[in-house]
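So the structure is just underneath, and the comments pick up after that.
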Amino acid sequence: MALYSAAAAVLEGLERGDGGIKTLVYNSRFPHVRQLYALVAETLRYSPVLEKLLAGAALLQAEKKLPPQLAKVLVYDLLFGKGLKCGGRWKALARRHRARLEAELARLKVQQKVSRNEDLLAPAQAASPGASQVPRYVRVNTLKTCVDDVIDFFKRQGYSYLGEAASVEELRALSGKKFLLDLHLPELLVFPPQTDFHDNLLYTSGHIILQDKASCLPAFLLSPAAGSHVIDACAAPGNKTSHLAALLKNKGQIFAFDVDTKRLATMNTMLMRAGVTGFQLAQQDFLTVDPRDPKYSRVTHLLLDPSCSGSGMVTRVPGEEAAPSPERLQALAGFQRRVLSHALSFPALRRLVYSTCSLHREENEDVVHAVLQEQGSAFSILPVAAEENPQRREGTEPGAAPKKRKRKKQRVKE
Ligand code: SAM
């Protein structure tokens, strides 16, 4: 696929909520990942300006076959980027409208009394792309409070509550002292990027947890009913464990394991602050935990979030320091396969969520498929609905009869 079409496809995927920018860029299979990532990130950064230019030049009305996302990418590159180095017929089409687009750009600058393209951007967009563009997600800790009370608290602190988000675009466009309820997760509030709540009373008292949306998905998708017995196999520093405890309403039992002493100490403090009870925290290699031990005979749910390359973490730039060597990738994948296979051997297990912060297929799909093949037909993958929150809108558990099914995290269940 050509660069501009690939970028437009990523933008469309983002709009549909298919995944984050890095996931979609990697999944696109476009050979030059960094080039594609840079083009998509910059087009997004200029998106509000591009929309004005497209409207002003009436480009979409004149070119009815030109998809809007592709139009944005082309106009970005024509006016702000490298000047359409490739593009075939699309390049010719965009160039036909160059004079009108340039006139619109000049008009916009006069209107806004600026001379540089960069000055057309709002402060949040002008900042460098990457982690600085990721919204600040706040998970309400329902063990201590409820969503309505937290919303009221922030309103009293001068924030305007805009209600439940209708699209991912809306989350991305947040700025100033405004916040939204996430469109997928019912206990997740969304604030503009870089909002800092580390000194906020709600955070220091454990009423809210500063946890990215991607990190909230595994427990949400595992969705254990209150009273269940659950294993969190690689648990520290414990954000997902505390989320599991909230879903369990502190009823049932969580067995949490990790090998790292320092991370376990942090985890202990965090779980105490979050009001989590009914958990057993062990410094133990999960691979040495005996599935036949009667203690685990009622374990029906298991969350597996093993060590990985971290290549999908938002603070990292794809293709640079995040790229693990083939040897490291192989070693990680070997560990992940062993630990997943072990996890599936707990006798009463019904549902498992496997998650990583990696964009590498070797650590994700390949691990799951390899283990499922070993296990025969006992477990199967359940796709996850990404378009909407079935719990909120249909009152069913996640994954049940979604309108449109898309895989976001690998989930394996009986
Ligand atoms: N689930 C955690 C959370 O949400 O806060 C993050 C887990 S982190 C991605 C992976 C963890 O696996 C690390 O804390 C690491 O120490 C732990 N780990 C690595 N090998 C392990 C093993 N064999 N048994 C148990 N834990 C292990």
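Derivation of every value follows stated rules applied to the coordinates shown; laboratory data play no part. Computed from a predicted model, the values in this text were never measured in an experiment. Reconstructed Cβ throughout: ideal geometry from the backbone, glycine too, with neighbour counts over all protein chains shown.
General remarks:
- Candidates P306, H342, A6 compared by Cα position along the dipole of the chain: farthest toward the positive end lies A6, with charges placed on Cβ.
- Under 17 Å from K262, Cα to Cα: aspartates and glutamates that are on another chain or at least 8 residues apart: D285
- Here r is the Cβ-Cβ distance between E118 and Y161 and R0 is 30 Å; the resulting FRET efficiency, rounded to 0.05, is 0.40.
- Remark: L66, L44 ranked as L66, L44, counting other beta-carbon atoms within 10 Å and listing the fewest first.
- V384 long-range amide H proximity, modeled H, under 5 Å: K406, R407, K408, K409
- What the Kirkwood sum gives for the chain is a hydrodynamic radius of 23.1 Å, with every pair of different alpha carbons counted.
- Built amide H within the under 5 Å cut-off of H229, gap 5+: Q253, T300, H301
- Taken over the alpha carbons of segment 138-229 as equal point scatterers, the Debye sum produces base-10 log I(q)/I(0) values at 0.16, 0.25 Å⁻¹ of -0.65, -1.52.
- Taking other Cβ atoms within 10 Å as a rough exposure proxy, D305, D285 sort from fewest to most as D285, D305.
- Mean ellipticity per residue at 222 nm, deg cm²/dmol - from DSSP H runs of n ≥ 4 across the chain, formula -39500 (n - 2.57): -12000 deg cm²/dmol
- Summarising the strand pairing of the chain, around 45 percent of its internal DSSP beta bridges are antiparallel.
- Calculated from the alpha-carbon coordinates, segment 1-146 shows an Rg and a Dmax of 16.9, 60 Å respectively.
- Length gained when the stretch A348-D148 is fully extended (0.36 nm per residue, less Cα-Cα span): 68.3 nm
- Label-point separation in nm, R34 to S341, each point 7 Å along Cα→Cβ: 3.7 nm
- FRET efficiency, A92 to L60 (Cβ-Cβ, R0 25 Å, nearest 0.05): 0.90
- Residues K85, K64, K240, K295 arranged by fewest to most Cβ contacts within 10 Å: K64, K85, K295, K240
- Checked against a 23 Å cut-off, the cross-linked pairs K178/K213; K177/K249; K144/K240; K109/K178 give Cα-Cα distances beyond that limit for K177/K249; K109/K178.
- Rounded FRET efficiency, nearest 0.05, which uses the C-beta distance separating K177 from L287 and R0 of 60 Å: 0.80
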